[in-house]
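These notes are about the structure you will find just below.
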Amino acid sequence: MPTDPVARYIQTMRYVGLLRGINVGGANTISMAELKGAFEDAGMVAVRTYINSGNVLFSTDIEDRSRLVDLLQEAIRERSGVSADLQVREEDDIAAIVGAMPAGWTNDASMKCDVVFLQPDVDRADILDELGPRPGIEDALYVPGAIIWRVDRKDATRSRLTRMVGTPLYDRVTVRNCNTTRKLLELLRK
């Protein structure tokens, strides 16, 4: 393994870490500087954060995602005292999700579009049957690792996505809006 950080960066995989439930309503508060430091403490390189909701871009030569998640969750706990679920996604994973997202789906004043990132134990195509999006009200697409959900703002309160809150399934996902997901891919490619 090269000791030069630039050479090491070139040989490593690029990932995004998606933390669940931090900095929401004053609970599980962690600064992005502290989060960045935890990832660096764990040996990650080229660490960057994006917005205050637990998005961390980084590189590493560790390929075992389960090991990587355990290592990073422990580093976060040690540095900040915060225990938060973490999903780790490769650049190709995010590219596949963004590639499946219809270009007209956005998160703005007239439309709400979210990417529901699924933990491996709930990642299955028939998850949409369980959630039952309402035809004519909302649209949902399954992509390996995620559900892309779109609803007009005027119909947001009628969306079945909100039924997931408080269920065991809700504890196994983390949600980012589609604009954030697209931006994460852009940043991964820089």
## Note on the structure
Quick calc: nm separation of the 7 Å Cα→Cβ label points for residue 78 and residue 177 -> 3.6 nm
### Query
Among all the aspartates and glutamates, which ones have a C-alpha under 12 Å from residue 190's C-alpha, if same-chain residues fewer than 8 places away are not counted?
91
### Message
Give me the one-decimal nm value for the distance between modelled label points at residue 33 and residue 154, 7 Å along each residue's Cα-to-Cβ direction.
### Response
4.6 nm
### Cut-off 12 Å between beta-carbons: net charge of the residues surrounding residue 139, Lys and Arg +1, Asp and Glu -1
0
### Task
Mind listing the long-range amide H neighbours of residue 134? Cut-off is under 5 Å, sequence gap 5 or more, other chains count too, H placed in the peptide plane at 1.01 Å from N.
160
### Message
Please report the accessible area of residue 77 (heavy atoms, 1.4 Å probe, ligands and nucleic acids excluded) in Å², nearest 10.
### Response
90 Å²
### Query
When Lys and Arg each count +1 and Asp and Glu each count -1, what net charge do the other residues less than 13 Å away from residue 174, Cβ to Cβ, add up to?
0
#### Entry: Computed helical MRE - 222 nm, the chain, DSSP H runs ≥ 4 contributing -39500 (n - 2.57), nearest 500
-9000 deg cm²/dmol
### Message
With Cα extents along the principal axes in Å as the read-out, I listed [x] 57, 40, 23; [y] 45, 41, 38; [z] 56, 32, 31; which label goes with the value calculated from this structure?
### Response
[z]
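The values are calculated or read from the model by the stated rules, or taken from the named source; none is laboratory data. Keep in mind that this is a model prediction, so the values were computed, not measured. Positions of Cβ are generated from backbone atoms using ideal geometry, with glycine treated the same way; all protein chains shown enter the neighbour counts. The accessibility values were calculated without ligands, DNA or RNA, using every heavy atom of the protein model including side chains. Shrake-Rupley method; radii C 1.70, N 1.55, O 1.52, S 1.80 Å.
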